[in-house]
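Beneath this line is the structure, given in structure tokens, with notes to follow.
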Amino acid sequence: MNLWFESALLEDGWADRVRLVLADGRIAAVEAGVDPVVGDDRHFVALPGLPNVHSHAFQRAMAGLAEARGRTDDDFWSWRDLMYRFVGRIGPEECEAIAALAYAEMLEAGFTRVGEFHYLHHAPDGSRYDDVAEMSGRIAAAADAAGIGLTLLPVFYAHGGFGGQPAGAAQGRFLNDVDGFAALVERAASKLAPDGVIGIAPHSLRAVTPEELRELLPVANGGPVHIHIAEQIKEVADCVAWSGKRPVRWLLDEVSVDARWTLVHATHVEPDEVAGIVASGAVAGLCPITEANLGDGLFPAAEFMALGGMIGVGSDSNVRIDAAEELRLLEYGQRLTRGARNVLAGEDRAATGARLFAAAVAGGGRSLGVETGLAVGRPADIVSLDRTDPAFAERKGDALIDSWVFASRRAVDCVWRGGVKQAEGGRHRDRDAIEARYRAALARLTA
Ligand code: ZN
């Protein structure tokens with residue numbers, strides 16, 4: 001079925017009365033200034049689907065469980081302890097059920113592709129499943145069930161700290177050597193849908209030695225490379241103690257970081273590191289909701305974007321799954337620390353939400369190895385806004401996106417991914433069944 005919108009944010013800007021002709025999951029033609037024809041699915045406003053560059057889907061199931069104060073030094077590391085205890089109980093069926101719900105909710109929020117930073121490879125005792133890529137296959141099955149695009153990033157994890165320290169017992173499910181990892185990636189790639197993308201994710205400089213990192217990179221085979229970096233002050237201090245360099249500096253100096261790379265978080269960076277990431281072409285993968293939830297700190301987004309740096313946003317821990325909220329919090333963090341408004345708008349009179357949205361669509365596509373945006377030949381990944389939300393009354397153009405990001409409540413109406421309508425009225429087409437399966441998995445996990 002072809003689509004018609006009162007207005008649409010096309011690759012080259014806003015247009016009114018837009019028909020999108022779809023074929024084979026892609027946009028076959030874009031007609032602006034036209035009337036709908038009989039049979040067109042008619043809607044209010046079309047935006048390109050937003051990529052979600054960083055997710056650990058299983059963590060959706062522990063959202064809200066880590067919000068009671070523990071010891072007085074409650075921080076990221078105490079959160080990680082709880083996460084590890086939770087991880088010990090998740091089997092293949094639970095993994096798939098939780099991921100399917102997370103992915104359905106991503107579609108409902110306006111995300112049309114997810115970069116799954118997937119490290120739950122092995123059985124809880126660290127032994128291999130009969131199929132070494134069993135859990136990767138479950139992630140792929142969950143993405144197919146929900147209908148979201150998947151860029152799978154199997155994680156390489158081998159150590160418990162800088163300099164090749166041994167991993168802890170709780171990390172047994174994550175561990176591989178380089179050869180085993182290469183076999184796992186190859187097998188995982190065979191499980192993806194035709195428009196799936198495979199990449200790799202060296203977990204962090206804590207978990208990978210320099211030698212392993214260099215051996216690992218050919219496994220990416222030209223696909224995306226994602227890494228957690230400089231998320232925590234302690235991580236930066238440990239890296240300096242180990243190498244004499246801060247994490248981002250070390251990475252830029254020692255490895256050929258380029259536009260295939262996404263540096264996830266990169267929270268704690270000095271000006272020379274900010275400039276170095278921009279020069280490399282790597283995407284900064286920012287996760288404002290999770291970074292706020294974990295008390296990580298604030299990435300210098302204004303400086304980075306002013307230099308032309310590319311950003312993507314990710315829902316990371318999935319404590320909340322909300323595309324607009326990621327963009328809103330990205331800007332609000334800057335406002336709260338600078339005592340200024342519209343910090344990330346870039347230029348005078350530019351619309352802040354619209355600029356952040358466009359940046360996250362373009363950077364997200366680079367990060368996940370796909371084309372984004374509404375134009376001929378691109379995937380038909382489309383989000384329509386809900387005309388019944390009064391936040392959109394008498395809004396046009398960029399003000400629609402600003403109103404979505406900063407002011408709306410029930411903003412997303414329909415979501416198409418690969419030309420298939422996956423959500424309508426803000427609700428996933430298969431939400432009831434996906435949610436029932438999730439509830440059953442949670443009952444087993446907490447029994
Ligand atoms: Zn992460």
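Remarks
- Projected label distance in nm at Gln165 and Arg439, using a 7 Å step from Cα toward the beta-carbon: 4.3 nm
- Amide H within-cut-off set for His226, under 5 Å, with H built and near neighbours excluded: Ile200, Ala201, Thr262
- Applied to the stretch 421-437, the Karplus parametrisation 6.51 cos²θ - 1.76 cosθ + 1.60 on θ = phi - 60° returns per-residue 3J(HN,Hα) values of 6, 9, 9, 9, x, x, 10, 5, 4, 10, 4, 4, 5, 5, 5, 4, 5 Hz, with x for Gly and Pro.
- The lysines whose alpha-carbon is closer than 23 Å to the alpha-carbon of Lys245, local same-chain residues fewer than 8 away aside, are Lys234.
- Residues with amide H under 5 Å from that of Ala423, placed H, sequence gap 5 or more: Val415, Arg429
- Virtual spin-label span in nm between Asp272 and Tyr84, 7 Å along Cα→Cβ: 3.4 nm
- For the stretch 57-140, the equivalent ellipsoid derived from the Cα gyration tensor has semi-axes of 24, 20, 10 Å, listed largest first.
- Sequence of Arg89, Arg173 once ranked by neighbouring C-beta atoms within 10 Å, starting from the fewest: Arg89, Arg173
- Model label zone, Arg338; criterion: amide N under 16 Å from point 7 Å along Cα-to-beta-carbon; scope the stretch 281-308: 298-308
- Cα shape, the stretch 200-351, gyration tensor, a/c 1.5 rule: prolate
- Overall Cα dimensions of the stretch 345-385 - principal axes, largest extent first, Å: 33, 24, 16
- Alpha-carbon centroid distance for the pair the stretch 94-155 / the stretch 327-387, whole angstrom: 26 Å
- Debye equation applied to the C-alpha atoms of the chain, log10 I(q)/I(0) at 0.08 Å⁻¹: -0.43
- Spatially proximal lysines relative to Lys191 (Cα-Cα < 30 Å; intrachain offsets below 8 disregarded): Lys421
- Summed residue charge, Cβ within 13 Å of Ala324's Cβ, Lys/Arg positive, Asp/Glu negative: -4
- Descending by average beta-carbon neighbour count within 10 Å, the peptides 298-309, 400-411, 24-35 line up as 400-411, 298-309, 24-35, the highest first.
- Length gained on full extension, Ser190 to Thr388: 67.0 nm, using 0.36 nm per residue less the C-alpha separation.
- Applying 0.36 nm per residue to the separation of Glu67 and Arg410 and subtracting their alpha-carbon distance, the gain on full extension is 120.9 nm.
- Whole-Hz Karplus values for the stretch 103-108 come out as 6, 4, 5, 4, 4, 4 Hz, taken residue by residue from phi with 6.51 cos²θ - 1.76 cosθ + 1.60 and θ = phi - 60°; glycine and proline positions read x.
- Charge tally around Phe162: other residues with Cβ under 10 Å, Lys/Arg +1 each, Asp/Glu -1 each, net -1.
- What you get for the chain, charging only the Cβ of Lys and Arg (+1) and of Asp and Glu (-1), is a dipole of about 620 debye around the Cα centre.
- Two-site FRET efficiency, Met1 against Arg431, from Cβ-Cβ distance with R₀ of 25 Å, rounded to 0.05: 0.75
Each value in this text was obtained by applying a stated rule to the coordinates, not by laboratory testing. What you see is a predicted model; the values in this text were computed from it and never measured. With ideal geometry, Cβ positions are generated from the backbone for all residues, glycine too; neighbour counts draw on all protein chains shown.
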